[in-house]
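Engineer: Have a look at the structure that comes next, please.
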Amino acid sequence: MKGRSFLTLLDYTPEEIRALLRLAAQVKEEKKQGIFPERLRHKNIVLLFEKTSTRTRCAFETAGYDEGARVTFLSNSQMGKKESLEDTAKVLGRFYDGIEFRGFSQETVELLAKHSGVPVWNGLTDLYHPTQVLADLLTITEHVKKPLSEVRFVFVGDARNNMGNSLMIGCAKMGMHFTALAPRSLFPSEALVERMRHLCETTGGSITLTENRDDVCGADVIYTDVWVSMGEEAHYAERIALLEPYRVDADLMARTKNPDVKFLHCLPSFHDLETSVGKSVFETYGLREMEVSDEVFRSSASVVFDEAENRMHTIKAVMLATMTDILD
Ligand code: CP
Ligand code: NVA
C-alpha cells in the first residue's frame with residue numbers, strides 16, 4: 001500500500017481493509033505496552049481542514065507524533081482562494097510526505113492526490129468518511145463476538161450522508177449485513193446501493209433499505225450520526241421533521257431483541273443540552289435530544305468512546321501502510 005492515497009473505501013479490497021484492521025490492532029497493543037518504534041521519523045505531514053474537527057485532527061496529530069512524524073495543521077491556506085488546488089497540491093507535495101484533507105468536495109481530495117505525488121488521506125468530505133469506518137470496524141471486532149461476515153449492522157437516520165455512504169461500503173466490503181433505517185427521501189443513492197449489492201454477491205454481505213423501526217430485529221450494532229451534517233445547517237427544520245421518528249432510543253434498542261446489541265456513533269453527538277447548537281435547537285424546536293437519547297448514549301450498550309479512541313489507532317495504521325513498507 002506504500003505510496004497510495006486513502007480517499008474512499010471503494011479503492012480498497014476486502015483483504016487490504018482486513019490488513020489495515022490487523023495493523024491497527026497491532027499498533028493499539030504496542031501503544032498500550034509503551035512500545036513506540038517511531039516508524040515515521042523524518043516524515044512531515046500536513047493536515048488541511050476546511051471544516052471543524054476534534055477527533056480527526058487529534059487522531060492524525062497524536063498518531064503522527066507517536067510514530068515520530070512532524071505535523072503541520074493548516075486551516076487558512078491560499079488553496080482555492082488565491083492559488084489553484086493543482087498548484088497548492090504541487091507545493092505541498094514538495095514539502096510533505098503525506099497530506100490529510102477534511103472539507104466539502106470529494107473532488108478536492110482527489111485533485112490533491114492527483115497533483116501532489118504523495119499519499120493523501122480523506123479526513124471527511126460531503127460524500128465519504130473512510131477513516132471513521134476503519135475505527136468503527138475495529139470497534140465492532142472488539143465488542144461483537146462474531147466474525148464480521150455474520151454481523152447485522154443497522155445505520156439509523158440520514159442514510160445518504162458521508163457516514164451512511166461509507167458505512168454501507170465498509171459493510172459490503174466486509175461481507176456484513178447492512179440495513180439503512182431512514183425515511184425514503186434520505187436513502188442512499190440508487191447508484192451506490194446497486195454497486196454495493198453487486199459487490200455483496202462476491203463478499204456474501206447484504207444491503208437492506210427500510211423505513212420500518214421493527215426491521216432492527218436481530219441487529220448486533222445500531223449506529224447513528226447527526227441529522228444535519230457540516231455544511232447543511234440550513235436544513236434543520238426539514239431534517240427534524242423527517243428524522244424525529246428515527247431517534248435511537250430505548251424502544252428502538254429493545255426492538256432489536258438482542259440483549260448484547262451495541263450502540264455506535266461517530267461523534268460529535270446531540271444527546272443532551274450541553275452544546276450551543278443543542279440549546280438553540282431546543283429553543284427553536286423544543287427537542288432535548290436529537291439523533292440519540294441521552295439514556296442510550298450513556299447506556300452499557302454504548303461503545304462510543306472506545307470507537308473514538310480507535311480513530312487514533314486506525315489512522316496510525318493508514319499512515320504507516322501508505323508511507324512505509326510495513327504492509328508491502
Ligand atoms: N468523528 C469525527 O470525525 O469527529 P470530528 O468531527 O471531531 O473529527
Ligand atoms: N455526517 C457528519 C459526520 C461528522 C463526523 C458530518 O459530516 O458533519
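The values are calculated or read from the model by the stated rules, or taken from the named source; none is laboratory data. Keep in mind the model is a prediction, meaning the values are calculated, not measured. A quick note on method: Cβ atoms are made from the backbone with ideal geometry, for glycine too, and the neighbour counts reach across all protein chains shown. To get the accessible areas, we keep the full protein, side chains included, count just its heavy atoms, and leave off ligands, DNA and RNA. Shrake-Rupley method; radii C 1.70, N 1.55, O 1.52, S 1.80 Å.
Engineer: On a straight-distance basis, which aspartates and glutamates could pair with Lys279 in a cross-link, Cα separation under 12 angstrom, same-chain partners fewer than 8 positions away excluded?
Structural biologist: Here the aspartates and glutamates satisfying the reach criterion relative to Lys279 are Glu289.
Engineer: Return the FRET efficiency for the residue pair Arg298, Ser84: r is the Cβ-Cβ distance, R0 is 41 Å, and the value is rounded to the nearest 0.05. If you can, show how the numbers build up before the last one.
Structural biologist: Working: r = 47 Å, r/R0 = 1.15.
Calculated value: 0.30.
Engineer: Which of Gly80, Ala254, Cys200 sits closest to the plus end of the dipole of the chain, meaning its Cα is farthest towards the positive end, when Lys and Arg get +1 and Asp and Glu get -1 on the C-beta?
Structural biologist: My answer, from the dipole projection, is Gly80.
Engineer: Structure shown: which of Lys145/Lys257; Lys262/Lys316; Lys146/Lys173 lie over 19 Å apart, alpha-carbon to alpha-carbon? Write down the numbers at each step before the final one.
Structural biologist: Numbers: Lys145/Lys257 17 Å; Lys262/Lys316 25 Å; Lys146/Lys173 16 Å.
Those over the limit are Lys262/Lys316.
Engineer: All other residues with a Cβ under 12 Å from the Cβ of Gly80 taken together, and with Lys, Arg as +1 and Asp, Glu as -1, what is their net charge?
Structural biologist: On the way: positive: Lys81, Lys82; negative: Glu50, Glu83, Glu86, Asp87, Glu107.
Combined, the nearby Lys, Arg, Asp and Glu give -3.
Engineer: Hey, what angle do you get for helix 106-116 against the long axis of the chain, alpha-carbon based, 0 to 90 degrees rounded to 10?
Structural biologist: 10
Engineer: Work out the charge dipole of the chain with +1 on the Cβ of Lys and Arg and -1 on the Cβ of Asp and Glu about the Cα centre, then indicate which of Leu148, Gly64, Ala135 is farthest towards its positive end.
Structural biologist: The Cα lying farthest towards the positive end belongs to Gly64.
Engineer: A further question follows. Report the full-extension gain for the segment Glu283 to Lys114: residue separation times 0.36 nm, less the Cα-Cα distance, to one decimal in nm.
Structural biologist: Details: separation 169, 0.36 × 169 = 60.84 nm, distance 4.58 nm.
My answer for the length gained is 56.3 nm.
Engineer: To the nearest 20 debye, what is the magnitude of the charge dipole of the chain about its Cα centre, counting +1 on the Cβ of each Lys and Arg and -1 on the Cβ of each Asp and Glu? Walk me through the numbers on the way to the answer.
Structural biologist: Values: 39 positive and 49 negative charges, 165 e Å.
Dipole size: approximately 800 debye.
Engineer: Sticking with this structure for a sec: Which order do Phe297, Phe95 take when ranked by solvent-accessible area (1.4 Å probe, heavy atoms of all protein chains), largest first? It would help to have the intermediate numbers written out before the result.
Structural biologist: Values: Phe297 20, Phe95 135 Å².
Order by accessible area, largest first: Phe95, Phe297.
Engineer: Provide the per residue accessible area, probe 1.4 Å, for the stretch 177-298, rounded to a whole number of square angstrom. Working shown, then result.
Structural biologist: Working: 5860 Å² over 122 residues.
For the stretch 177-298, the solvent-accessible area averages 48 Å² per residue.
Engineer: What FRET efficiency comes out for Gln33 versus Glu233 if R0 is 35 angstrom and r is the Cβ-Cβ distance? Round to the nearest 0.05. Show your work: numbers first, answer last.
Structural biologist: On the way: r = 43 Å, r/R0 = 1.24.
It comes out at approximately 0.20.
Engineer: Among rounded, prolate and oblate, which fits the stretch 112-263 when a ≥ b ≥ c are the square roots of the eigenvalues of its C-alpha gyration tensor, a/c under 1.5 means rounded, and a/b larger than b/c means prolate?
Structural biologist: Details: a/c = 1.65, a/b = 1.14, b/c = 1.44.
Cα axes put the stretch 112-263 in the oblate bin.
Engineer: Would you work out which of Leu112, Ala237, Ser189 lies farthest towards the positive end of the dipole of the chain? Charges go on Cβ: Lys and Arg +1, Asp and Glu -1.
Structural biologist: My answer, from the dipole projection, is Leu112.
Engineer: Using only Cα atoms, tell me the angle between helix 55-66 and the longest principal axis of the chain; keep it within 0 to 90° and round to the nearest 10.
Structural biologist: 40
Engineer: Still on this model: Only Lys, Arg, Asp and Glu count, each charged at its Cβ (+1, +1, -1, -1), so figure out the dipole size of the stretch 1-157 about its Cα centre, rounded to 20 debye. Could the numbers behind the result be given before it?
Structural biologist: Working: 23 positive and 21 negative charges, 62 e Å.
It works out to roughly 300 debye.
Engineer: Turning to a different aspect of this structure: Given +1 on the Cβ of Lys and Arg, -1 on the Cβ of Asp and Glu, and no further charges, what dipole in debye does the stretch 204-328 carry about its Cα centre, rounded to the nearest 20?
Structural biologist: Details: 11 positive and 24 negative charges, 21 e Å.
Dipole of the stretch 204-328, to the nearest 20 debye: 100 debye.
Engineer: Quick one: work out Rg over Rh on the C-alpha atoms of the chain, Rh as Kirkwood radius.
Structural biologist: On the way: Rg = 19.4 Å, Rh = 20.2 Å.
Computed over Cα atoms, the ratio is 0.96.
Engineer: Same structure again: May I ask for the angle, rounded to the nearest 10°, between helix 162-173 and the longest principal axis of the chain, with both axes built from Cα atoms and the value confined to 0 to 90°?
Structural biologist: Approximately 90 degrees, to the nearest 10.
Engineer: Would you please state which residues of the stretch 138-169 a label at Cys217 would reach in this model, taking the label point 7 Å out along Cα→Cβ and a backbone N cut-off of under 17 Å?
Structural biologist: Taking a point 7 Å out along Cα→Cβ of Cys217, the residues of the stretch 138-169 whose backbone N falls under 17 Å are 152-154.
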